[in-house]
Amino acid sequence: MQGSERMKNRWFMWLLGALCIIGATLFIASFMQTSENSLLCTITRAQQRLTGPPTSMQLRAILHYATSQIVPQQSLSEITITFDVLQALNRPAKFLIFGLGHDSLMWAGLNAGGTTLFLEEDPKWVQTVLKEAPGLRAHTVRYRTQLREADELLSSYRSEPACSPATATLRGNERCKLALQNLPDEVYSTEWDLIMIDAPKGYFAEAPGRMAAIFSAAVMARDRKGSGVTHVFLHDVDRKVEKAYAEEFLCRKQLVKGVGRLWHFEIPPWANHSRHDARFC
């Protein structure tokens, strides 16, 4: 029986290696950047921390990226920051991701055995993605903000007690417009190890912008009851709003790494902050 299991695992690893080679060939043939294809082998390396054979999600992810000309929105160097954190945890993680897209299968595959949940503002896009990848878990989110309001919200939130770092909550918080008050219960009840903010849209005036996602991620991270920090990753920090809100709520002193357009923060729980703090940073 043990010999059969070893043979099975060996076959799976051979398949993963073969798919990496196939993916590389396809990428070269289509004149795509070969560095992006390395994510196939990155998913393969993620499997090595599991004791059993690759999960169906990992195999689906590898097949998808090996045979598709569509690559994740982030660069390989940006992806590697999050991958390194997942590897360092050395256990299945609780991973909350704002945004559902071409990289979703990859994130779920890299967090095999863990909880990976996606929050997306476009219900039609959710249906499209889940039709192609029914194993992903995603919820639709309604935002109360527009990008045009970013400056006003940043300057006025301190006058609203419901937005104060000493008292801010999320669930049912109607008074603080930056609070995501109507998320599924699972989002509020879970202590997330990693939070990725790569949505909602934030490149035209009527778009929701990422103001509420950044604020809410900060509140969730500070409300952590367990030990350790919450890893928060923010993409598109080359844009004015993302950068300003990161510095206001996620804090420069908690920025541990930045590559390309991605910043990585390690946010300690509430116990490490003063309850009389008038500001997040």
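The values are calculated or read from the model by the stated rules, or taken from the named source; none is laboratory data. The shown structure was predicted, so the numbers you read here are calculated from the model rather than taken from an experiment. Neighbour counts are summed over all protein chains in view; Cβ atoms, including those assigned to glycine, are modelled from backbone coordinates with ideal geometry. Ligands, DNA and RNA are excluded from the accessible area calculation, which covers all protein heavy atoms including side chains. Shrake-Rupley method; radii C 1.70, N 1.55, O 1.52, S 1.80 Å.
Tell me the per residue accessible area of the range 117-267 using a 1.4 Å probe; a whole number in Å² is fine.
It amounts to 45 Å² per residue over the range 117-267.
Over all other residues within a Cβ to Cβ distance under 12 Å of Thr169, the charged ones net out to +1, with Lys and Arg as +1 and Asp and Glu as -1. So if we plug the beta-carbon distance of Val229 and Gln73 into 1/(1 + (r/R0)^6) with R0 = 30 Å, what FRET efficiency do we get, rounded to 0.05? Approximately 0.75, to the nearest 0.05.
Sorted by accessible area (1.4 Å probe), largest first, how do Lys94, Lys240 line up? Mind showing how you got there, number by number?
On the way: Lys94 90, Lys240 145 Å².
Accessible-area ranking of Lys94, Lys240, largest first: Lys240, Lys94.
Whenever you get a sec, compute what percent of the accessible area on the range 54-267 sits on carbon and sulfur atoms (1.4 Å probe). Walk me through the numbers on the way to the answer.
On the way: 4490 of 8950 Å².
Exposed carbon and sulfur together represent 50 percent of the surface.
Remark on the range 86-163: hydrodynamic radius 14.7 angstrom, per the Kirkwood mean of 1/r across alpha carbon pairs.
Of the listed pairs Lys131/Lys240; Lys177/Lys257; Lys94/Lys131, which have alpha-carbon separations greater than 26 Å here?
Values: Lys131/Lys240 34 Å; Lys177/Lys257 29 Å; Lys94/Lys131 24 Å.
Flagged as over cut-off: Lys131/Lys240; Lys177/Lys257.
Mean projection of the alpha-carbon convex hull of the range 131-281 over all orientations, in nm²? So the mean shadow area of the Cα hull is 9.5 nm².
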